[in-house]
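Read through the structure below, which is laid out as structure tokens, and then see the notes.
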Amino acid sequence: MTRSPSTRNVALKTQEPSLILLEEVGGKGRGVFAGREFAAQEEVLEFLGNIVDVGALADLTHALQIGSREFLTASGDIDDYVNHSCSPNCGIRSVGERVILFALKHIAKNDEITFDYSTTQTGGYWSMQCQCGAPQCRGTIGDFRDLPASVQQHYINEHAILDYLLEELGVAPSKVSKAEYKSGRRSRKKPIPARNC
Ligand SMILES: [Zn+2]
């Protein structure tokens, strides 16, 4: 979907100048838009935050599942506001310890940045009705295992899924090399604690 950012730009201090945060996106609340073109496979942003056990989270809003029980908390930056789509233009993947969003296809300036929330989820911690508006909208956002098999395979083929989920599924992590990524410019602003502390 191509959309002109007509609503006002939220004055959120972000370290990612190539992205634009808009306050209202067709009734969905805030959304993130491309401030420039992105090539397919290009890194769009990195998800930041602190790693916590799901039991320590009172509210999963803006939290991103990155392990069977581990979630990345809201960062307060623009990565908190990327909306879901059942027909997304971005995917999420692990690159070492980093969790990044990358372009699944060419993204034009002003396009909304979206990814499929189900590509991070397992354990039934969270689900919601979907109103993404895509022709192939599934109506519900839930666990990866609940996706149709063809959709699961699509995301696996695109390496648009986190490594922990690949391991749970018994699928070998992608052979996509780091050299194929166009690395982001910013570095993690908050150190991620070791997972066992
Ligand atoms: Zn949908």
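Readers should treat all values here as calculations from the given coordinates under stated rules, not as data from a laboratory. Here the structure is a predicted model, which is why all the values come from computation and not from measurement.
What area, in nm² and to one decimal, does the C-alpha convex hull of segment 71-117 cast on average over all directions? Please list the in-between numbers first.
On the way: hull surface 15.2 nm².
Averaged projected area of segment 71-117's Cα convex hull equals 3.8 nm².
From the backbone phi of segment 66-83, what are the Karplus-calculated ³J(HN,Hα) couplings (6.51 cos²θ - 1.76 cosθ + 1.60, θ = phi - 60°) in whole Hz, Gly and Pro given as x?
My calculation for segment 66-83 gives 10, x, 4, 10, 9, 10, 9, 6, 4, 9, x, 10, 5, 5, 6, 10, 6, 7 Hz in order.
I'd like the projected area of segment 50-91, averaged over all directions, using the convex hull of its alpha carbons. Report it in nm² with one decimal. Please list the in-between numbers first.
Working: hull surface 13.9 nm².
Average projection, Cα convex hull of segment 50-91: 3.5 nm².
Report the gain in length on full extension from residue 127 to residue 97: 0.36 nm times residue separation, minus Cα-Cα distance, nm rounded to one decimal.
Details: separation 30, 0.36 × 30 = 10.80 nm, distance 2.57 nm.
Difference between extended and current length: 8.2 nm.
With only alpha-carbon atoms in the gyration tensor, what are the semi-axes of the equivalent ellipsoid for segment 20-76, in Å, largest first? Provide the component values of the computation, followed by the final result.
Numbers: eigenvalues 131, 54, 14 Å².
With the √(5λ) rule applied to segment 20-76, the semi-axes are 26, 16, 9 Å.
Going out from 0 in 5 Å bins, what whole percent of all Cα-Cα distances in segment 108-174 drops into each bin?
4, 15, 27, 25, 16, 10, 3, 1
Hey, could you get me the Stokes-Einstein D for segment 79-148, Kirkwood radius over alpha-carbon pairs, 10 °C and 1.306 mPa s, rounded to whole µm² s⁻¹? If you can, show how the numbers build up before the last one.
Numbers: Rh = 12.9 Å.
It diffuses with D of about 123 µm²/s by this estimate.
Working out 0.36 nm times the residue gap between residue 70 and residue 58, then minus their Cα-Cα distance, what length gain in nm do you get to one decimal?
On the way: separation 12, 0.36 × 12 = 4.32 nm, distance 1.35 nm.
Gain on extension, residue 70 to residue 58, equals 3.0 nm.
For segment 19-170, take the convex hull of the Cα atoms, compute a quarter of its surface area, and give me that in nm², please. The partial results should precede the final answer.
Working: hull surface 34.0 nm².
Directional mean of the projected Cα hull area for segment 19-170 stands at 8.5 nm².
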